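The values are calculated or read from the model by the stated rules, or taken from the named source; none is laboratory data. None of these values were measured; they are calculated from a predicted model. Please note: Cβ atoms are built from the backbone with ideal geometry, for glycine as well, and neighbour counts cover all protein chains shown.
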Amino acid sequence: MGHLIELNDTLKLKRGAGFPAELRVGGIYDFSIAGRRLYNLRPTRVFLVEEIDGKWNLRGHAMILRQTIDAVTDSTSGQFEVTKLYPPEYAQLANRFDTPAGKGYDVDV
């Protein structure tokens, strides 16, 4: 039958739908997304990705502090702390080389 929980090392949140307006290292933010997902918990980092019009913009690293998988609503929610933010020059290269083919967001440097 298969697994109903997806394992992730990447927290990808949409701009305007869960991705914080202003990120800062040390900032703690709540998230909620559709689907049942299991993230690496602190002290293991996850990649923090902002989804913009279907494209991936790698922004840095985060630590998942809490997570709840709700089988009734088929959703995952929790809290994360930003531990590293990429400078634009690095994000541009990461988006080009470390995202799924055709999914990298073009960052203006």
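See the values below:
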| quantity | calculated |
| --- | --- |
| Looking only at segment 57-69, and only at residues there that are in contact with a helix residue (DSSP H, G or I) (Cβ under 9 Å, 6 or more places away or on another chain) and either without any contact (Cβ under 8 Å) to a residue 40 or more places away in the chain or loosely packed, with under 11 Cβ neighbours inside 10 Å (or both), the one that is nearest to V25 (Cα to Cα) | G60 |
| Qualifying residues in segment 5-27 (those that are among the β-branched types (V, I, T) and in a loop (DSSP other than H, G, I, E, B)) - the one farthest from I64 (Cα to Cα) | I5 |
| Scan of segment 43-70 for residues that are under 15 Å from L13 (Cβ atoms) and among the acidic types (D, E), ordered by number | E50, E51, D53 |
| Residue within segment 89-103 that is charged (D, E, K, R), free of Cβ contacts under 8 Å to residues at least 24 places away in the same chain, in contact with a strand residue (DSSP E or B) (Cβ under 9 Å, 6 or more places away or on another chain) and not in a strand (DSSP E or B) present | yes |
| Test: residue in segment 70-83 that is touching a helix residue (DSSP H, G or I) at 6+ places or on another chain (Cβ under 6 Å), in a strand (DSSP E or B), surrounded by 14 or more Cβ atoms within 10 Å (Cβ to Cβ) and not acidic (D, E) | no |
| Hits in segment 39-51 (condition: modelled with pLDDT of 95 or more and part of a strand (DSSP E or B)) | Y39, V46, F47, L48, V49, E50, E51 |
| Hey, L23 over 26 Å from L4 (Cα atoms), in contact with a Phe, Trp or Tyr (Cβ under 9 Å, 6 or more places away or on another chain) and touching a residue at least 60 places away in the same chain (Cβ under 8 Å) or not | yes |
